[in-house]
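A quick write-up on the structure given underneath.
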Amino acid sequence: MKKQLTTNDSDQLLKILKLRFEKNMHRHNSIEWDSVQKRLEENPEKLWSIQQMEQTGGEPDVVDFDSKTNEYLFFDCSTESPNERRSYCYDFEAQESRKKFKPENNAIDVAKAMGIELLTETQYRALQELGNFDTKTSSWIQTPENIRKLGGALFADFRYDTVFVYHNGAQSYYAARGFRGCLKV
């Protein structure tokens, strides 16, 4: 599968990203758009992944620059968990374990196909410093292996002016639970 956008699609996506970037300077006030755009143009497969984030309702935006790895971090910044990535259980093992009413897919595999990763708990908490996200929905987050081995998975949301991290059976899925992704460029 070719993971590259046409020139027209790239141009359109870069316009959307630039507008979002300029509208939300509080998310990245020490980062310059021209540097971000140059990096994206040098990495067309990453731009393809951002398009996947955009098409599924994630509203991706630059939220940080990691000077150690020299990478920009894009997170899904939609107010609620991305609409087109809800009603998924945590991973393939969980999906296969359901005997009845299997979900269409799972968060880990969909993220991998998009070329992104689920947010970690630390990243999720950092996102919440930039605004109030998931006030009506929740998002699966990366789960430590020891919890996953026991059948659980973690999700998070923002209620009562607080970030809550919870657990659930990895095979569970809900119409109001999706996942947020991170892309390093």
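The values are calculated or read from the model by the stated rules, or taken from the named source; none is laboratory data. Small disclaimer: the values here were computed from a predicted structure and weren't measured. Methodologically, a virtual Cβ is constructed for each residue, glycine included, from the backbone with ideal geometry; neighbour enumeration extends over all protein chains shown. Side chains are part of the model used for accessible areas, which takes the heavy atoms of the whole protein and leaves out ligands, DNA and RNA. Shrake-Rupley method; radii C 1.70, N 1.55, O 1.52, S 1.80 Å.
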When restricted to Glu41, Glu54, the only residue acidic (Asp, Glu), part of a helix (DSSP H, G or I) and either closer than 27 Å to Arg177 by Cβ or open to solvent by less than 60 Å² (accessible area, probe 1.4 Å) (or both) is Glu54
Using beta carbons and a limit of 6 Å, which pairs, at least six apart or on different chains, have the first residue in region 102-128 and touching a residue at least 60 places away in the same chain (Cβ under 8 Å) and farther than 18 Å from Tyr166 by Cβ and the second one part of a loop (DSSP other than H, G, I, E, B) and among the small types (Gly, Ala, Ser)?
-> Pro103/Ser87
Would it be correct to say that Phe65 is surrounded by fewer than 22 Cβ atoms within 10 Å (Cβ to Cβ) and not in a loop (DSSP other than H, G, I, E, B)?
-> yes
Scan of region 116-148 for residues that are open to solvent by 40 Å² or more (accessible area, probe 1.4 Å) and among the small types (Gly, Ala, Ser), ordered by number = Ala126
Could you list, in sequence order, the residues of region 160-185 that are open to solvent by 30 Å² or more (accessible area, probe 1.4 Å) and either of a type in the set (A, V, I, L, M) or under 16 Å from Ser78 (Cα atoms) (or both)?
-> Val165, Ala175, Ala176
Can you confirm whether region 5-22 contains a residue that is touching a residue at least 12 places away in the same chain (Cβ under 8 Å), farther than 20 Å from Ala111 by Cβ and touching a strand residue (DSSP E or B) at 6+ places or on another chain (Cβ under 8 Å)?
-> yes
Could you pull out the residue among Gln128, Gln142, Gln171, Gln95 that is among the polar types (S, T, N, Q) and closer than 28 Å to Pro44 by Cα?
-> Gln142
Please specify each residue of region 91-115 satisfying the condition of being surrounded by 14 or more Cβ atoms within 10 Å (Cβ to Cβ) and on the phi > 0 side of the Ramachandran plot.
-> Gly115
Heads up, the helices (runs of 4 or more DSSP H) in region 76-185 (entirely inside) with at least 3 residues that are within 28 Å of Asn24 (Cβ to Cβ) are 107-114, 121-128
Which numbered condition trips up Asp161, out of (1) on the phi > 0 side of the Ramachandran plot; (2) of a type in the set (D, E, K, R); (3) at pLDDT below 95?
-> (3)
